[in-house]
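For reference, the structure discussed in these notes is given below.
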Amino acid sequence: MFAWIPVSIAAASFQTVRFMLQKVLSSVTLTPGGATFARFLYSAPVILAGLALYLAVSGRSLPALPPAFWLYAAIGGTAQILATVCVVALFKQRNFAVGITFKKTEVIQTAIVGLVVLGDPVSLGGWLAILIGLAAVLVLSRAPDAAGAWWRHLTNRAAQLGLGSGVLFAFSAVSYRGASLQLGGLEPAFRAAVTLAAVVCLQTLFMAVWLGLRDRGEIARVWAARRVAVWVGLTSMGGSFCWFWAFTLQNAAYVKAVGQVELLLSLLASVLFFKEKVSTRELAGMGLLILSILVLVLAI
């Protein structure tokens, strides 16, 4: 019944490592678009090989993939591409932990999008968590050296990128849940694998075309950075599979809520690995956001 909880925690752990690697790539070698493309390019072959091996060993065949499945997959894949570009660009504006915290407003937004698109219900406690989360965003939206009224800081570049990524990740999470639900009564792990393989193939194609039209040299740089970029792909594969698996088992908003453990992991990475300073205000904002998650989990 609660198998989705450890799966969600595993997904958040993989994702933290992947974002750390993407931050390194984007600050030294690649553009945000290139760092995002590396994620899909180096995970797609492994995902397809794993699915093919499973089908060969089990003797099963791919299930029918209805038009609604591909629609959800395309919307979710495109939204995730744009969201990842926003997060990687955000790392250039604020420190790693705050960047991840802005991204984590996706939990609040996923609850709303899931209710509207799929009819996934949100309890009264869930809406209380949303209000607490909004307070956290107001605290985090102010840069350390900024002055003036609080509402002015919701329009700075860091806030725009962070909130934008949250909206896009919310749409991707709900769309992925919608795609997996189109596969009917298949076991959750198999549904997750099929959905993930379809989405990553679409994302790799979309990004290859986009970079080919805008910056062909970036594709070469992604290949040149393969020694690090391949680990982006592998951690992306692990994280994505766990997210997709959890989405087949539970409301996407609740899955993302448990995944907020990524906040604590990103704070450790920010301080211990990137040697970045975290202000008292930023810690307070993170604390409020974590509180909103606890309220949401208790409301399940």
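The values are calculated or read from the model by the stated rules, or taken from the named source; none is laboratory data. Keep in mind that this is a model prediction, so the values were computed, not measured. Methodologically, a virtual Cβ is constructed for each residue, glycine included, from the backbone with ideal geometry; neighbour enumeration extends over all protein chains shown. Remember, those area values only see protein heavy atoms, side chains included, never the ligands or the DNA or RNA. Shrake-Rupley method; radii C 1.70, N 1.55, O 1.52, S 1.80 Å.
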Fill in: Residue ranges of helices (runs of 4 or more DSSP H) in the stretch 181-300 with at least 2 members farther than 30 Å from Trp70 by Cα and either open to solvent by 50 Å² or more (accessible area, probe 1.4 Å) or at pLDDT 80 or above (or both)
216-224, 226-249, 261-268, 280-298
Worksheet entry | Verdict on Leu161 being modelled with pLDDT under 70 and buried (at least 22 other Cβ atoms within 10 Å of the Cβ) | no
Fill in: Residue satisfying all of: in the stretch 17-43; open to solvent by 50 Å² or more (accessible area, probe 1.4 Å) and of a type in the set (A, V, I, L, M, F, W, C); modelled with the lowest pLDDT among these
Val28
Worksheet, complete the sentence: Subset of the stretch 48-63, residues without any contact (Cβ under 8 Å) to a residue 60 or more places away in the chain, under 27 Å from the mean Cα position of the chain (by Cα) and open to solvent by 80 Å² or more (accessible area, probe 1.4 Å), comes to Leu53
